[in-house]
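A.B. asks: Dropping a structure here in structure tokens format, bear with me for questions.
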Amino acid sequence: MTQPILEVNDLKTHFPIRQGLFRRQTGTVLAVDGVTLYVDPHETLGVVGESGCGKTTLGRSILRLIEPTAGTVTYRGESVTGADKDRMRQLRKEMQIVFQDPYASLNPRMPVRDIIAEPLRIHGMDRKEANDRVGALLGKVGMMADHGNRYPHEFSGGQRQRIGIARALVLDPSLIILDEPVSALDVSIQAQVINLLEEIQDEFGLSFVFIAHDLSVVRHISDRVAVMYLGQVVELADRNQLYETPAHPYTSSLLSAVPVADPNAERERKRILLEGDLPSPANPPSGCRFHTRCPIAQDVCRVDPPELREVSAGHWAACHFPTGPGDSLINQVQRLGRDLRLVEAREH
Amino acid sequence: MTDLGSRQQLEMAIEAEAAALEAEGLDIEARSMRRQTWDRFRKHPVAVVSLFLLLALTTAFWVGPWLSPYTYDQVLAGLPNEGPSLSHPFGTDQIGRDLMVRVFTGGQISMTIAIVVALLTTFIGTVIGAVAGFFGGWVDNVLSALTNLFLIVPGLLVLLVVAIKWGGGVYSTAVILALLAWPVIARVVRGLFIQFKEQEFVQAAIAAGAKPGRIMFRHIIPNTFGPIIVNATLAVGAAIVIESTLSFLGLGVRPPTPSLGNIIQDYRGAIDSDPTKVLLPGLFVVLITLCANFLGDALRDALDPTSRRGH
């Protein structure tokens, strides 16, 4: 077995809630609360979940853009969370990030060439050499070398995202965290950017952590997928396993919301509607965090938080009553004699 | 999943996109930031007029007295309270001094005070706001408390007391005004720093290994220039008015040194008999303030690279 390029072990990132005149801490937001995962070389790990489930915080905590509260991050066997400032600066060459918002992620006052060259300049390359490399990279991401003289606002959203990708590539990293890199783009442009990401992954032998809320996009690009709910990973499996035989009821409900391409199947498709809203990560439910919205929750779920366990080879789920092949969520609901709110997908 | 497009299709799409952008009015050639700023500024005709008017007034205030055969404190025997004439276009004052030279010199002094106030408040406000916003934590707490302390001080009261003790000079008046006005800019700048610190392009720089100095000077400060310059411009307008008010109340620049405010004070009794002598310096106060405000508004647009107004 190869050594994973990235290992995350019981990572927690908590934010204090301070209120009042003396900024007393009155609570804690458990944005990321005990996440364990790994990424193999040349692999894409998809991370999906609703807004507010902590996936963005997870990505930034891995890079220590936000200091994690507890747990460890290990890059090729070396501790990232334990690295001092100088070492961290070196490690940053290996791990880069592409942001969601192509408008906010580029400094509006710097020409594109300087934006892409900046990481090189920070690490001590002279201007001429850096500019040559930027010219080559602009070509790689499908832009022209003379685009480098322009400013970010002169480009479209898709082009800006290419610029962001070029900046992430310039230091020749091994791992890139893609934080919803296509959610802000038009669907037609999304496809172009996804293709570009796949091309550069092959060419540079990159590993990706692909954070998104769009399940179709994640399915297309990922090798394995982690599903997050309220700061925790609830299911982690190979892409096909996860999409075909989800083990966690939350995954099942998410998947039921994905449109299918076959019009006949789409006509038949039913959405599983979850009851209630996403609980606050400052005050997560007891036991299994999903029990408040789970259609098959039982007494044990309210008290006992389930561990992430392997339900079949390489397929992990944090659920006391995992669903499986031949035992779908709908089956389980019927067995329990409960109602499941199914709605015609087309109405939504 | 279908293959979403080959490399060639991708390049075609990009070219189509570039063509669409050009159709929107983007030049094929890259324009420098400075050029783009000027192009955006030109879209505001009132501001362009204001800029030239301000330059004209400034030139008149500084060159006029130097060209004039009279000085501002030269008493011309036997010529008090003259009306406008060829040799004295604004007339003369109660004791026979040429009023045009006094108004222009007064304008020069008022403008000097306004510019010094704008520079000082901008400098103090920017440094304090930047440090508070950038470092956060207890540094921010201390500096914000200080800022708020200055902000709640009743300005006019302090001015009354301080002006009696240290007032009267051109620079002392400017310093007193600046000490009262900097908290406004400090708050603006602190807000900008906090806002930009969280921006993704700053996060990207940190992810690339940038040290705090680079983040501050390469990423945050250049983006705060626009709002800071706008505030400085608006401060010029405000300072002219406040200086005039102070001098009018006798708390600002003391005669015989003229300022727009104390010339108005000289003639407030003559508003009925000889209105031009009050209205002329008043007109300059209004003009400078208006121009500064129009200029500030246009700069707000021009200095924001993401502003697409007029495209």
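The values are calculated or read from the model by the stated rules, or taken from the named source; none is laboratory data. Because the structure is predicted, anything quoted here is derived from the model rather than measured. With ideal geometry, Cβ positions are generated from the backbone for all residues, glycine too; neighbour counts draw on all protein chains shown. Remember, those area values only see protein heavy atoms, side chains included, never the ligands or the DNA or RNA. Shrake-Rupley method; radii C 1.70, N 1.55, O 1.52, S 1.80 Å.
A.B. asks: Counting alpha carbon pairs within less than 8 Å and at least 6 residues apart, what relative contact order, in whole percent, applies to chain B?
C.D. replies: Relative contact order for chain B comes out at 23 percent.
A.B. asks: Now a separate question. Using the Karplus curve 6.51 cos²θ - 1.76 cosθ + 1.60 with θ = phi - 60°, work out ³J(HN,Hα) for each residue of segment A:24-31 in order, rounded to whole Hz, and write x for Gly and Pro.
C.D. replies: Per-residue couplings from phi come out as 5, 6, 10, x, 9, 8, 8, 5 Hz.
A.B. asks: What's the extension gain from A:Lys12 to A:Asp126 if we count 0.36 nm per residue and subtract their Cα-Cα distance?
C.D. replies: My answer for the length gained is 37.1 nm.
A.B. asks: Here is a follow-up. Give the angle, between 0 and 90 degrees and rounded to the nearest 10, that separates the Cα long axis of helix A:157-169 from the longest principal axis of the Cα atoms of chain A.
C.D. replies: 80 degrees
A.B. asks: Using 0.36 nm per residue, how much length does the chain from B:Leu67 to B:Leu119 gain when fully extended, once their Cα-Cα distance is taken away?
C.D. replies: Stretched out fully, the B:Leu67 to B:Leu119 stretch lengthens by 15.9 nm.
A.B. asks: Determine the order of B:Thr59, A:Thr323 by accessible area, beginning with the largest, at a probe radius of 1.4 Å.
C.D. replies: Heavy-atom accessible area, descending, gives B:Thr59, A:Thr323.
A.B. asks: Further, regarding this structure: Kindly list the residues of segment A:212-245 that lie in the label zone of A:Ala313, defined by a backbone N under 18 Å from the point 7 Å along the Cα-to-C-beta vector.
C.D. replies: A:224-225, A:236-245
A.B. asks: Also, quick follow-up: If you count only protein heavy atoms and use a 1.4 Å probe, how large is the accessible surface of A:Leu336, to the nearest 10 Å²?
C.D. replies: Roughly 60 Å² of A:Leu336 is accessible to a 1.4 Å probe.
A.B. asks: Enter the mean number of other protein chain beta carbons within 10 Å of the beta carbon of each residue in A:116-124, as an integer.
C.D. replies: 3
A.B. asks: Under a Cβ-Cβ cut-off of 11 Å, what is the net charge of the residues other than A:Asp101 that fall near it, where Lys and Arg count +1 and Asp and Glu count -1?
C.D. replies: Local charge sum for A:Asp101: -2.
A.B. asks: How much net charge surrounds B:Asp93 when only other residues with a Cβ under 15 Å from its Cβ are counted (Lys, Arg +1; Asp, Glu -1)?
C.D. replies: Computed value for this residue: -1.
A.B. asks: In deg cm²/dmol, rounded to 500, what helix-only [θ] at 222 nm does chain A give when every DSSP H run of at least 4 residues adds -39500 (n - 2.57) and the total is split over its residues?
C.D. replies: Per the formula, -9000 deg cm²/dmol.
A.B. asks: Among B:Asn231, B:Phe284, A:Val300, pick out the residue whose Cα is farthest towards the positive end of the charge dipole of the protein assembly as shown, where Lys and Arg carry +1 and Asp and Glu carry -1 on C-beta, about the Cα centre.
C.D. replies: B:Phe284
A.B. asks: Can you sort B:Val48, A:Val98 by 1.4 Å-probe accessible area, starting with the largest?
C.D. replies: Ranked list, largest accessible area first: B:Val48, A:Val98.
A.B. asks: Probe radius 1.4 Å, ligands and nucleic acids left out: which of A:Tyr103, A:Tyr38 has the largest accessible area, and how do the rest follow?
C.D. replies: Correct descending sequence by accessible area is A:Tyr103, A:Tyr38.
A.B. asks: Quote the accessible area belonging to B:Ile220 in square angstrom, nearest 10, computed with a 1.4 Å probe and with ligands, DNA and RNA left uncounted.
C.D. replies: Accessible area, nearest 10 Å²: 0 Å².
A.B. asks: Also: Based on the Cβ-Cβ distance of B:Val139 and A:Thr28, what FRET efficiency does E = 1/(1 + (r/R0)^6) give at R0 = 25 Å, to the nearest 0.05?
C.D. replies: 0.55
A.B. asks: Turning to a different aspect of this structure: Efficiency by 1/(1 + (r/R0)^6): what FRET value for A:Lys270 and A:Tyr38, r their Cβ-Cβ distance, R0 = 35 Å, to the nearest 0.05?
C.D. replies: E between A:Lys270 and A:Tyr38, to the nearest 0.05, is 0.50.
A.B. asks: Using per-residue counts of other Cβ atoms within 10 Å, averaged over each peptide, order A:109-115, A:244-250, A:39-45, B:63-69 from highest down.
C.D. replies: A:244-250, A:109-115, A:39-45, B:63-69
A.B. asks: Under a Cβ-only charge scheme (Lys and Arg +1, Asp and Glu -1), can you give me the dipole magnitude of the protein assembly as shown about the Cα centre, in debye to the nearest 20?
C.D. replies: In debye, rounded to 20, the protein assembly as shown gives about 1900.
A.B. asks: At a Förster distance of 22 Å, what's the computed FRET efficiency of B:Met33 paired with B:Phe217, Cβ-Cβ distance as r, to 0.05?
C.D. replies: With a Förster radius of 22 Å, E is 0.85.
A.B. asks: On to the next question. Quick check: the angle from helix B:33-42's long axis to the longest principal axis of chain B, C-alpha only, nearest 10 degrees?
C.D. replies: 60 degrees
A.B. asks: Looking at B:Thr306, B:Asn148, A:Ser256, which one has the Cα that reaches farthest to the positive end of the dipole of the protein assembly as shown (charges on Cβ: Lys, Arg +1; Asp, Glu -1)?
C.D. replies: Working it through, the farthest residue towards the positive pole turns out to be B:Asn148.
A.B. asks: Okay, moving on. Please state, as a whole number in µm²/s, the translational diffusion coefficient that the Stokes-Einstein equation yields for segment A:246-348 at 20 °C and 1.002 mPa s, with Rh defined as the Kirkwood radius across alpha carbon pairs.
C.D. replies: 145 µm²/s
A.B. asks: Cross-link candidates for A:Lys12: which aspartates and glutamates have Cα within less than 17 Å, leaving aside residues fewer than 8 places away along the same chain?
C.D. replies: The reachable aspartates and glutamates, counting only those whose Cα sits under 17 Å from A:Lys12, are A:Asp33, A:Glu67, A:Glu307.
A.B. asks: Something else now. Calculate, in nm to one decimal, what A:Leu336 and A:Asp304 gain on full extension: separation in residues at 0.36 nm each, minus their alpha carbon distance.
C.D. replies: Between A:Leu336 and A:Asp304, full extension yields 9.6 nm more.
A.B. asks: Which one, A:Thr36, A:Thr251, A:Thr57, has the greatest fluctuation when you compute a Gaussian network model over chain A with C-alpha springs under 10 angstrom?
C.D. replies: A:Thr36
A.B. asks: Taking the Cα centroid of segment B:215-262 and of segment A:210-225, what is the distance between the two, rounded to the nearest whole Å?
C.D. replies: 55 Å
A.B. asks: Also, quick follow-up: Does a label point 7 Å from the Cα of A:His153, set along Cα-to-beta-carbon, have any residues of segment B:36-55 with amide nitrogen under 20 Å, and which are they?
C.D. replies: Counting only backbone N, you get B:36-48.
A.B. asks: Moving to a separate point now. Let me have the relative contact order for segment A:246-348, percent, based on Cα pairs under 8 Å that are six or more residues apart.
C.D. replies: Relative CO of segment A:246-348 lands at 35 percent.
A.B. asks: May I pose another question? Amide H to amide H, which residues 5 or more places from A:Gly46 or on other chains are under 5 Å from it, using H placed in the peptide plane?
C.D. replies: A:Phe210, A:Asp223, A:Arg224, A:Val225, A:Ala226
A.B. asks: Which of the GluC sites (Glu not before Pro) across segment B:163-267 are loop residues per DSSP, with 15 or fewer other Cβ within 10 Å?
C.D. replies: Taking segment B:163-267 and a limit of 15 other Cβ atoms within 10 Å, the loop GluC sites (Glu not before Pro) found are B:Glu198.
A.B. asks: Residues of segment B:212-226 with amide nitrogen under 20 Å from the 7 Å Cα-to-Cβ point of B:Thr306?
C.D. replies: Under 20 Å, as judged by backbone N against the label point of B:Thr306, lie B:215-226 of segment B:212-226.
A.B. asks: Can you give the average number of partner chain beta-carbon atoms within 10 Å of each beta-carbon in peptide A:98-107, as a whole number?
C.D. replies: Counting other chains' Cβ atoms within 10 Å and averaging over A:98-107 gives 5.
A.B. asks: For A:Ile177, enumerate residues with amide H under 5 Å from its amide H, sequence gap 5+ or separate chain, H modeled in the peptide plane.
C.D. replies: Those lying under 5 Å, H to H, from A:Ile177 are A:Gln96, A:Ile97, A:Val98, A:Val209.
A.B. asks: Just need the relative contact order of segment A:16-71 here, percent rounded to a whole number, with Cα pairs under 8 Å and 6+ apart.
C.D. replies: With pairs under 8 Å counted, the relative contact order is 23 percent.
A.B. asks: Of B:Ser244, A:Gly205, A:Ser79, which is farthest on the positive side of the dipole of the protein assembly as shown, counting Cα position, with +1 on Lys and Arg Cβ, -1 on Asp and Glu Cβ, and the Cα centre as origin?
C.D. replies: The residue sitting farthest along the positive end of the dipole is B:Ser244.
A.B. asks: Okay, moving on. Could you give the angle, 0 to 90 degrees to the nearest 10, between helix A:127-140's Cα long axis and the longest principal axis of the Cα atoms of chain A?
C.D. replies: 50 degrees
A.B. asks: What distance in nm lies between label points placed 7 Å from Cα along the C-beta direction at A:Thr2 and A:Arg89?
C.D. replies: Reported label-point gap for A:Thr2 and A:Arg89 is 3.1 nm.
A.B. asks: How much accessible area does A:His315 have with a 1.4 Å probe, in Å² rounded to the nearest 10?
C.D. replies: 10 Å²
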